[in-house]
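To start, the structure itself, in structure tokens.
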Amino acid sequence: NRRKKKDDNILEIPSIPNPFPELCCSPFTSVLSASLLPKATSRKKQVIKVYSEDDTSRALEVPSDITARDVCQLLILKNHYIDDHSWTLFEQLTRTGLGRAIEDHELVMEVQSNWVMEEENKLYFRKNYAKYEFFKNPLSFFPDRMISFPSETNAAVNHSGILQMFLSSSTYPEIHGYLHAKEQGKKSWKKLYFFLRRSGLYFSTKGTSKEPRHLQFFCEFSNSDMYMSLTGKKISGAPTNYGFCFKPNKSGGTRDLKQLCADDEQSRTCWMTAVRLLKYGMQLYQNYMQPYQGRSVCSPLNITPMRSISENSLVAMDFSGNRSRVIENPTEALSVAVEEGLAWRRRGCLRLNSHGSPIAMSSMGMSIHRSQSWFHHKISREEAQRLILQHGLVDGVFLVRDSQSNPRTFVLSLSHGLKIKHFQIVPLEDDGKLFYTLDDGHTRFTDLIQLVEFYQLNKGVLPCKLKHYCARIAL
């Protein structure tokens with residue numbers, strides 16, 4: 001009876017309404033419908049290994065659908081690098097000596113799925129200043145001698161119009177010129193006249209004729225990837241150092257490679273740029289525009305691209321009088337720049353050490369430049385050219401290195417006009433003090449840092465200013 005009375009008392013307690021009825025499960029019907037349950041994600045994670053220029057590497061666990069741009073952004077954040085939109089993921093096929101910059105929209109796992117297991121292929125994280133340079137400066141990429149337009153195009157097309165035709169037109173410009181092609185199954189190379197069209201790459205069996213009966217199909221590029229030869233003549237025995245090839249996505253080996261070789265860098269750049277535009281079209285322009293979405297500096301293709309903010313803000317000034325003035329005469333501006341370089345020599349040769357106190361340059365000798373990212377120690381001329389080529393043949397890409405022929409001098413290696421030029425930096429002693437010069441002593445600098453800083457602001461005797469330095473980054 002007590003137990004029954006106790007139970008009755010319990011039943012008499014008023015029930016408290018449940019504030020979350022949707023979380024309760026009924027024995028008859030489920031309150032949680034399938035639409036309320038979290039969907040199981042299908043994104044699997046995998047581990048990739050990425051290398052840097054100094055051969056340090058980093059393992060990353062990434063989703064299976066990650067793009068090359070996302071991998072670069074991840075490495076930029078993890079290493080606290082400055083994002084200047086030139087970072088690139090680079091694929092290198094070690095055994096065949098081939099490499100290519102992976103497009104920003106490509107899936108990294110799909111790229112790796114085409115690798116052969118026994119090959120030691122690598123992914124590199126580096127800068128490529130020439131990745132979208134053809135959008136900014138198409139004149140250097142499409143020489144008039146290599147491009148022609150359909151007969152229905154009556155008016156002359158400017159270089160911005162060429163890009164418009166590649167991206168959005170139903171009629172495409174035709175790229176043509178001589179290339180060396182490696183004969184299938186042979187070691188010999190044959191020079192033929194090629195034509196690049198939307199449907200693929202063709203060569204003429206009769207000189208430069210482009211009549212349909214004389215054209216023979218060479219390869220298509222929709223299901224192939226285009227690679228640049230990194231070893232020059234060593235592996236393939238090519239007649240020049242400007243080789244490139246087409247590799248099918250599911251290639252069985254080197255026998256499936258369609259190997260070609262141009263006579264100069266401008267020709268190779270033109271062919272490879274045109275193939276990229278024909279293969280990816282508007283996707284390339286979207287990749288180029290993506291970092292600038294929502295910014296006012298972004299301009300359409302038919303508008304001449306603006307210079308960088310730093311270049312637009314540089315003006316020649318004269319501070320010698322009571323009031324400063326802008327120098328509008330280019331000849332006067334050049335003479336003032338030279339005078340400023342000479343004035344640097346006359347200033348005190350002092351810099352601050354890590355504690356903030358001045359230290360004489362004479363005591364530091366030649367060691368101050370060795371900590372700079374643009375300085376490379378005892379590398380050869382060929383290694384310097386390879387590094388600059390990997391960073392992109394854009395005007396102003398440079399590095400400074402020790403001279404191989406003269407241990408006391410240095411060499412400035414600079415990219416200009418799709419060529420790599422080398423300038424000797426000569427040490428000069430005057431009145432017991434050591435200086436460095438590029439112009440036979442007309443402009444003198446107390447150390448290499450002053451020299452580089454001066455030519456970053458002034459062209460001087462160089463063909464262009466120093467803009468982008470090649471650095472061996474560490475991951």
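The values are calculated or read from the model by the stated rules, or taken from the named source; none is laboratory data. Keep in mind that what you see is a predicted model, and the values were worked out from it rather than measured. Backbone-built Cβ (ideal geometry, glycine too); neighbour counts: all protein chains shown. Areas reflect the complete protein model, heavy atoms only, side chains present, ligands, DNA and RNA absent. Shrake-Rupley method; radii C 1.70, N 1.55, O 1.52, S 1.80 Å.
What pairs come out if I take residues in segment 416-430 that are at negative phi and pair them with residues that are among the acidic types (Asp, Glu) whose C-beta lies under 7 Å away, six or more apart or interchain? From residues that are at negative phi, the pairs are His416/Asp395; Lys419/Glu265. The sole residue among Phe194, Phe244, Phe221, Phe203 that is modelled with pLDDT of 90 or more, open to solvent by less than 40 Å² (accessible area, probe 1.4 Å), touching a helix residue (DSSP H, G or I) at 6+ places or on another chain (Cβ under 7 Å) and of a type in the set (A, V, I, L, M, F, W, C) is Phe244.
Which residue, of Lys210, Lys234, Lys250, is assigned to a loop (DSSP other than H, G, I, E, B), free of Cβ contacts under 8 Å to residues at least 60 places away in the same chain and either among the basic types (Lys, Arg) or not assigned by the TED database to the domain that holds Glu183 (or both)? Before the answer, list the steps.
On the way: Lys234 fails: free of Cβ contacts under 8 Å to residues at least 60 places away in the same chain; Lys250 fails: free of Cβ contacts under 8 Å to residues at least 60 places away in the same chain.
Only one candidate qualifies: Lys210.
Condition check for Ile102 on (1) in contact (Cβ under 8 Å) with a residue 60 or more places away in the chain; (2) on the phi < 0 side of the Ramachandran plot; (3) buried (at least 16 other Cβ atoms within 10 Å of the Cβ): one failure, at (1). Give segment 157-191 a look and list any residue that's at positive phi and surrounded by 14 or more Cβ atoms within 10 Å (Cβ to Cβ), or say none. Listed by number, the list holds a single entry, Gly177.
What number of residues within segment 106-164 are assigned to a helix (DSSP H, G or I), of a type in the set (A, V, I, L, M) and modelled with pLDDT of 90 or more? Full working, then the answer.
Taking segment 106-164 first, the residues assigned to a helix (DSSP H, G or I) are 108-113, 133-136, 138-140, 144-146, 159-164.
Next cut, of a type in the set (A, V, I, L, M) only: 108-109, 111, 139, 146, 162-163.
Okay, now just the ones that are also modelled with pLDDT of 90 or more, so 108-109, 111, 146.
Count: 4.
Scanning segment 460-475 for residues that are at pLDDT 90 or above, at negative phi and not hydroxyl-bearing (Ser, Thr, Tyr) yields a count of 9.
Restricting segment 54-96 to residues that are free of Cβ contacts under 8 Å to residues at least 12 places away in the same chain and of a type in the set (A, V, I, L, M, F, W, C), the residue that is nearest to Asn249 (Cα to Cα) is Ile76. What do you reckon, is Lys459 open to solvent by 60 Å² or more (accessible area, probe 1.4 Å), in contact (Cβ under 8 Å) with a residue 24 or more places away in the chain, under 30 Å from Thr88 (Cα atoms) and not assigned by the TED database to the domain that holds Asn79? No: the conditions fail for Lys459.
Looking at segment 79-96, is at least one residue in contact with a Gly (Cβ under 9 Å, 6 or more places away or on another chain), of a type in the set (A, V, I, L, M, F, W, C) and more than 16 Å from Ile473 (Cα to Cα)? The answer is yes, given that some residue of segment 79-96 is in contact with a Gly (Cβ under 9 Å, 6 or more places away or on another chain), of a type in the set (A, V, I, L, M, F, W, C) and more than 16 Å from Ile473 (Cα to Cα).
The residues of segment 419-456 that are within 21 Å of His391 (Cα to Cα) and open to solvent by 20 Å² or more (accessible area, probe 1.4 Å), listed by number, are Lys419, Ile420, Lys421, His422, Phe423, Glu453, Gln456. The set of residues in segment 50-69 that are within 15 Å of the chain's Cα centre (by Cα) and either farther than 14 Å from Ile102 by Cβ or open to solvent by 20 Å² or more (accessible area, probe 1.4 Å) (or both) comprises Ser52, Glu53, Arg69.
Assigned to a loop (DSSP other than H, G, I, E, B) and either in the same structural domain as Thr88 (by the TED database) or at pLDDT 55 or above (or both): is that true of Glu383 in this structure?
Numbers: assigned to a loop (DSSP other than H, G, I, E, B): no; either in the same structural domain as Thr88 (by the TED database) or at pLDDT 55 or above (or both): yes.
Taking the combined requirement at face value, the residue does not satisfy it.
Being open to solvent by 60 Å² or more (accessible area, probe 1.4 Å), not assigned by the TED database to the domain that holds Arg100 and not in a helix (DSSP H, G or I) is a property that Ser415 lacks. Scanning segment 166-182 for residues that are more than 24 Å from the chain's Cα centre (by Cα) and assigned to a helix (DSSP H, G or I) yields a single hit, Ser168.
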